[in-house]
Amino acid sequence: MSLLLKINELNNFIDKENFINLYCKNYQIGLVHKKIVKLLLEKKLPFILKNNSLFFKEEKKKHLNTTVKNICELLVEKKIISRVTGENFPCVSTLGQKELFVIERALVEYLGIKGFGVHLIAYVKTGKNKIKVWVPLRAANKKVEPNKLDNTVAGGISAGETVYQALIREGFEEASFKKNILNKALQVGTINYAWRNKKLSLRRDTLFLFDLELPANIIPVNNDGEISKFKLYNCNKVIEKINFTNDFKKNCALVLASFFIRKGLINSQNERNYEEICSLL
């Protein structure tokens, strides 16, 4: 499978007719599959269906939090959500603005609410115009994509966190990077995708991207048990794995493609779909 196809897999939202806009306080915050909408209305949860859009009746945060918790319990009861994570994500119109409510991470994609994350690629210079990247292997007991390769640091932004607070937390948990090291990371942009990864869900993610050049003597070590090991990879090997295997976690293709394009390692001379790939990043 080519890099372009991997990227297109994460932008496969083409059945918009099966989804209804979700509004809260006049903000369009999500997209909900019609079958989920039917369940919410049958349960008589506090929503109004109007003009083919779904509106929360409540406006106070504590009432919205209760409704969202009840939705999660309903979808667990219906076996649509297989497990809850205990992690709360923010529902915001724009990251940094006041939270409308907080939402269990497992529910985010079933309301089509935008999720936010940080992805950092740590690399080491090994010679003139030569670099290697630190790649972790996800633990075998991970509930989501176990035994898959990942970006050096990657995780969601929790409720109440800023982008940099999430980076500092995830960087220490996943790689033992201290704040003085992470402060040297360069923020290089964002990547967005709309991914129909399950029958009734829609993942709308914004990932904040960071590059971090490391000296050879700093080696990432996992702290939270979610990574089994780190390996320093030649970039050509990583590009080969992205193109021809499914070894990496799904959204890594987008992030790594962006990194290798910035470093000139993917270009119009060695990637026939270069122009189209650039347009999708």
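Under the classification rounded if a/c is under 1.5, otherwise prolate if a/b is larger than b/c and oblate if not, where does region 124-281 fall, given a ≥ b ≥ c as square roots of the Cα gyration tensor eigenvalues?
Note, shape of region 124-281 comes out rounded.
Taken as Cα centroids, region 215-281 and region 177-194 sit 15 Å apart, rounded to the nearest whole angstrom.
Taking the 0 to 90 degree range and rounding to the nearest ten, how far is the long axis of helix 235-244 tilted relative to the main principal axis of the chain, both from C-alpha atoms? Compared with the principal axis, the helix lies near 50 degrees.
Taking every DSSP helix (H) stretch of at least 4 residues in the chain, weighting each as -39,500 (n - 2.57) and dividing the sum by the residue count yields a mean residue ellipticity at 222 nm of -8500 deg cm²/dmol.
Have a look at Thr67, Thr152, Thr94 and tell me which one the Gaussian network model of the chain (Cα, springs below 10 Å) gives the largest fluctuation. For the chain, modelled as a Gaussian network with Cα springs under 10 Å, the answer is Thr94. For the chain, pairs of C-alpha atoms spaced more than 35 angstrom apart make up 21 percent of the total. Counting only residues at least eight positions apart within a chain, or on another chain, the aspartates and glutamates with an alpha carbon under 16 Å from that of Lys16 are Glu109. Beyond 25 Å in Cα-Cα separation lie the following of the pairs Lys62/Lys98; Lys78/Lys199; Lys44/Lys250: Lys44/Lys250.
Treating each Cα of region 16-113 as one equal point scatterer and applying the Debye formula with no solvent, the log10 of I(q)/I(0) at q = 0.10, 0.12, 0.13, 0.21 Å⁻¹ comes out as -0.23, -0.34, -0.40, -1.13.
For region 81-155, what does the alpha-carbon gyration tensor say about shape, rounded, prolate or oblate, given a ≥ b ≥ c as the root eigenvalues, a/c under 1.5 as rounded, and a/b over b/c as prolate? It is oblate, given that a/c is not under 1.5 and a/b is not larger than b/c. Residue separation of Tyr27 and Asn12 scaled by 0.36 nm, minus their Cα-Cα distance, works out to 3.0 nm of gained length.
Using the alpha carbons of region 194-281, what is the convex hull volume per residue in cubic angstrom, as a whole number?
154
Computed from Cα positions, the angle between helix 163-175 and the longest principal axis of the chain comes to roughly 60 degrees. Cβ crowding within 10 Å, taken as a proxy for footprinting-reagent exposure, orders Val102, Val221, Val153 from fewest neighbours to most as Val221, Val102, Val153.
Quick note: the coordinates plus some simple rules give every number you see, no bench work behind them. Keep in mind the model is a prediction, meaning the values are calculated, not measured. Neighbour counts run over all protein chains shown; Cβ positions are idealised from the backbone, glycine included.
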